[in-house]
4 protein chains.
Amino acid sequence: MEINELVQRVEDFRIARDWKQFHSPSHLAAAISIEAAELQEEFLWKSPSEVQSKIADPVQKVAIEEELADVLILALLLAKEINSDPSQIILKKLEKNAVKYPVEKARGSSKKYTNL
Amino acid sequence: MEINELVQRVEDFRIARDWKQFHSPSHLAAAISIEAAELQEEFLWKSPSEVQSKIADPVQKVAIEEELADVLILALLLAKEINSDPSQIILKKLEKNAVKYPVEKARGSSKKYTNL
Amino acid sequence: MEINELVQRVEDFRIARDWKQFHSPSHLAAAISIEAAELQEEFLWKSPSEVQSKIADPVQKVAIEEELADVLILALLLAKEINSDPSQIILKKLEKNAVKYPVEKARGSSKKYTNL
Amino acid sequence: MEINELVQRVEDFRIARDWKQFHSPSHLAAAISIEAAELQEEFLWKSPSEVQSKIADPVQKVAIEEELADVLILALLLAKEINSDPSQIILKKLEKNAVKYPVEKARGSSKKYTNL
């Protein structure tokens, strides 16, 4: 699906509920953080193998997907709110990251660019 | 742009750097939280009007877009990692939210569904 | 109460439940983030006056205090886990912040030290 | 050190810089989330043994302690802001947790109380 069509679906959901009034950029950013934390909670206290079992279980996987979807939905709403095109900001950030993390230096390393 | 093409671009970036080895679901979820916090920091201590001025300034807006893009990029990588289609999980979550927040009850209210 | 006595109470609670095995520094840091998000959720979508009403209501205030307490409890457990004295690290950080934010420059300003 | 003396030190730091005006409960809660994320970033992409090496290195440990101190400092400021005593809210939460997580059920388990 076109990402802009997804943005439209999310926006339609919001318009139908008249929620734009609550969605200041600060509140949306706070909400993204909160949903990101709920996503993290799905994995909290779990070993890597317990995480894999959870993902392999269709019922439990849905819980993870729902939290991840909440993060994406709110991120798309914030993009809409500040009038930015999600595809463009992603592609521009990938370009910038390509400069910060050149393949020859960053390959196989988890270091932050400031330490490369 | 198709969201799956975006996922492919993000995945290509990762493959070129051989970073998949670091991207366990738990680590990706932690990284999403961290980027969401950096996004929030763009608005920290600011009044609503200061936030609006920041968004209206093209240079400062880029900083916000970059943090938002980081959240989206990592969320797409986690979707890829757990083998989920971003469009589908978003649409399914919107359907579920439509049940939790029926238009007639949720319209114009910022209450959590548990309090509606 | 002495902060070290509080640390001991928190540690006793943990020992009685044999939870130290789950409390790696990474997991504790993730848990602190999650509790911090739950604390934020208490204020989500609320205007400053709605936040003040919530704090002024004894029942609703308890919910805020419980989330704040969770953040403090986990932060004390992480200090214990890495063998650090909470009072000392707080006092040392205040000293460092006093250098980053000298009174004459920082007074009445919400700017980050990098922009002062 | 008495926790209330620590609160006083943190408060003195704030008064000297006239920062109370920025410290609404919502902003402080956002700031706690942001600092909690910076704390998490210290451990991001690291294996358990890499985390242990980092903690064992005195220089790198200081970076962790500083982020942890920031979380504690802001949590104490929020307690002050909402007029709550940190010791009391911690002790009350431990009591409540003791009911949610009775020793006989919770011992050796990382399950959430809702699943015990």
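Restricting attention to region B:46-76, which residues are of a type in the set (Asp, Glu) and not in a helix (DSSP H, G or I)? Step through it out loud before you land on a result.
So the first thing to find is which residues in region B:46-76 are of a type in the set (Asp, Glu), and the list is B:50, B:57, B:65-67, B:70.
Correct list: B:Asp57 only.
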Within region C:28-41, does at least one residue satisfy the condition of being in the same structural domain as C:Ala75 (by TED's automatic domain parsing) and in contact with a Lys or Arg (Cβ under 8 Å, 6 or more places away or on another chain)? no
Breaking point among (1) away from chain A (no Cβ under 14 Å); (2) in a helix (DSSP H, G or I), for C:Asn83: (2)
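Taking the conditions exactly as written (among the polar types (S, T, N, Q) and farther than 20 Å from D:Lys46 by Cβ), does B:Gln21 satisfy them or not?
On the way: among the polar types (S, T, N, Q): yes; farther than 20 Å from D:Lys46 by Cβ: no.
For B:Gln21, the condition - among the polar types (S, T, N, Q) and farther than 20 Å from D:Lys46 by Cβ - is not met.
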Only unsatisfied item for A:Glu2, checking (1) out of contact with any strand residue (DSSP E or B) (no Cβ under 7 Å at 6 or more places or on another chain); (2) at pLDDT below 95, is (1)
Out of C:Ile64, C:Ile55, C:Ile73, I need the residue that is touching an Asp or Glu at 6+ places or on another chain (Cβ under 8 Å) and in the same structural domain as C:His27 (by TED's automatic domain parsing). Which one? C:Ile64
Of the residues in region B:70-109, those that are polar (S, T, N, Q) and farther than 27 Å from A:Ile89 by Cβ number 1
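Go through A:Ser49, A:Ser87 for me and flag whichever is hydroxyl-bearing (Ser, Thr, Tyr) and surrounded by fewer than 18 Cβ atoms within 10 Å (Cβ to Cβ).
Details: A:Ser87 fails: surrounded by fewer than 18 Cβ atoms within 10 Å (Cβ to Cβ).
When all the criteria are applied, what remains is A:Ser49.
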Please go through region A:1-45 and pick out each residue that is more than 7 Å from every other protein chain (Cβ to nearest Cβ), without any contact (Cβ under 8 Å) to a residue 40 or more places away in the chain and not in a helix (DSSP H, G or I). A:Trp19, A:Glu42
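Can you go through C:Val99, C:Val103 and tell me which one is surrounded by fewer than 19 Cβ atoms within 10 Å (Cβ to Cβ), more than 9 Å from chain D (Cβ to nearest Cβ) and closer than 29 Å to D:Ala63 by Cα? Before you say what the answer is, go through the steps one by one.
Numbers: C:Val103 fails: more than 9 Å from chain D (Cβ to nearest Cβ).
On inspection, the qualifying residue turns out to be C:Val99.
The values are calculated or read from the model by the stated rules, or taken from the named source; none is laboratory data. All of these numbers come straight from a predicted model, not from anything done at the bench. Every residue, glycine as well, gets a Cβ built from its backbone with ideal geometry; the counts of neighbours run over all protein chains shown.
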